[in-house]
């Protein structure tokens with residue numbers, strides 16, 4: 001094997017690495033671009049923003065219960081009656097009919113209910129805050145999905161480049177084996193081994209190409225568009241100095257813990273609300289009406305009411321509220337423990353990936369030295385074609401394993417950030433306007449009904465992109 005051929009062979013083996021190290025194109029996409037696109041185009045975020053707006057309206061519904069209920073009614077009644085009369089000509093049936101029209105206006109308001117309706121407002125507000133945290137969780141999901149999709153495309157592209165290099169190298173080894181076979185230096189078996197390895201390399205190349213196609217589809221779903229030329233990801237963000245610090249941050253900031261804290265408060269308020277609903281209610285009512293013939297009527301009254309017997313319904317509702325409160329408290333404790341576990345797992349994945357990267361560097365250096373040595377020995381007849389192909393495969397496997405470890409470490413770092421509750425647009429500093437979760441609430445919290453407030457609400461909807 002000539003020196004020029006050996007140089008060409010080495011260039012083929014490491015051509016993929018040189019390609020990856022080349023400077024990116026001017027218009028290449030960055031991870032920041034992908035995160036911004038994912039945030040802006042996410043249907044999942046739009047869905048949960050609508051869920052939050054529905055929760056905001058629950059506060060308005062609860063507020064409306066404190067206000068008078070004014071209603072009108074209109075109706076017509078047609079009646080007829082038959083009368084039997086006796087005349088000199090004998091019995092006679094006569095029919096009398098009438099049409100009566102009524103219109104009335106009524107109003108009713110609760111004056112005192114031991115705070116049950118006020119408690120309903122407080123519970124609805126807590127559920128709004130809980131739903132906001134749920135929306136933060138969806139934001140974490142969307143951004144982490146974009147990171148994983150971005151790195152998956154890069155990994156698939158790098159793996160495809162390695163597989164292409166592998167095919168080129170084995171093709172050259174096959175050509176060399178055929179030349180040496182014609183010279184009688186090797187047997188037909190060496191040529192057959194190279195042919196088999198080339199077929200396997202082409203199959204792996206096809207698989208790598210399929211993996212890249214799949215990764216591109218996943219990217220399109222996560223980000224909202226197919227990837228162009230992607231730049232290598234930037235340095236992973238800072239997380240925490242120690243595992244204990246990471247867990248402490250997660251306990252303070254994680255959206256799932258905050259969500260359940262609000263749900264616990266809402267369930268505690270609901271226990272008081274159910275208890276208050278069993279107490280007397282004082283309501284005031286007024287009614288005015290007019291019927292056919294100009295007959296007017298009006299009434300004003302105050303009523304005191306309280307259920308005396310409901311077949312056990314009130315007691316069941318009270319016990320149910322207590323059970324739901326206890327269940328929510330237990331869910332909070334379990335979620336706090338699960339968050340700690342997620343932080344610990346993400347921390348461990350980072351440590352394992354870093355160890356794999358370090359070991360992979362050593363493996364690649366050793367595998368490269370072994371490959372070069374075996375290839376040189378093969379030119380002297382001290383090694384077979386199979387030995388060369390095995391050494392090349394070990395080098396390829398080491399390079400692929402390191403690529404996978406690097407991707408794992410990067411994803412695990414963002415996974416740790418998500419487990420700490422910090423994977424948000426604001427914390428990442430993406431520099432784009434974010435959805436204002438309070439704008440719609442502030443527009444509807446007082447249960448507006450006038451056209452002026454309605455126009456304001458339309459402006460709010462347009463500003464947050466809900467229309």
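No value in this document is a laboratory result; all are computed from the given coordinates. Small disclaimer: the values here were computed from a predicted structure and weren't measured. So basically every Cβ, Gly included, is an ideal-geometry build from the backbone, and we count neighbours across all protein chains shown.
Of the listed peptides 225-231, 295-301, 157-163, 213-219, what is their order by residue-averaged count of other C-beta atoms within 10 Å, with the highest listed first? Don't skip to the answer; put the middle values down first.
Values: 225-231: 14.6, 295-301: 10.0, 157-163: 22.4, 213-219: 16.7.
Highest to lowest by the protection proxy: 157-163, 213-219, 225-231, 295-301.
Against the longest principal axis of the chain, how steep is helix 3-13, in degrees 0 to 90 to the nearest 10, with axes from Cα atoms? Long axis of 3-13 versus the principal axis of the chain: about 10 degrees. Among 279, 76, sorting on how many other beta-carbon atoms sit within 10 Å of each Cβ, with the fewest leading, yields 76, 279. Counted by neighbouring Cβ atoms within 10 Å, the residues 427, 333, 254 run from fewest to most as 333, 427, 254.
Each principal axis of the Cα cloud of segment 128-188 was taken in turn, and the coordinate range along them, longest first, works out to 82, 14, 8 Å. For residue 359 and residue 292, the difference between the fully extended length at 0.36 nm per residue and the C-alpha to C-alpha distance is 14.4 nm.
Quickly rank 168-178, 110-120 as a protection proxy: mean count of other C-beta atoms within 10 Å, highest first. Numbers along the way, then the final one.
Values: 168-178: 20.4, 110-120: 17.3.
For the peptides 168-178, 110-120, the packing ranking is 168-178, 110-120.
Under a crude label model (7 Å from the Cα following the beta-carbon direction), how far is residue 231 from residue 171 in nanometres? Each label point is offset 7 Å from its Cα along the Cβ direction, giving 3.3 nm.
Using only Cα coordinates, the Kirkwood hydrodynamic radius of segment 100-139 works out to 13.8 Å.
For residue 308 and residue 427, what is the calculated FRET efficiency with R₀ set at 51 Å and r taken between the beta-carbons, to the nearest 0.05? List each step's numbers first, then the result.
On the way: r = 56 Å, r/R0 = 1.11.
E(calc), rounded to 0.05, equals 0.35.
Applying 1/(1 + (r/R0)^6) with R0 = 51 Å to the Cβ-Cβ distance of residue 79 and residue 112 gives a FRET efficiency near 0.75.
Starting from the eigenvalues of the Cα gyration tensor, five times each then square-rooted, give me the equivalent ellipsoid semi-axes of the chain, largest first, whole Å.
Working: eigenvalues 1212, 152, 83 Å².
Taking √(5λ) for each eigenvalue gives 78, 28, 20 Å, largest first.
What residues of segment 263-285 lie in the reach of a label at residue 326, counting those whose backbone N is under 15 Å from a point 7 Å from the Cα along Cα→Cβ? So the set is 268, 271.
For residue 372 and residue 188, a Förster radius of 30 Å and the Cβ-Cβ distance give a FRET efficiency of 0.65, rounded to the nearest 0.05.
A straight line joining the Cα centroids of segment 59-113 and segment 350-427 runs 87 Å.
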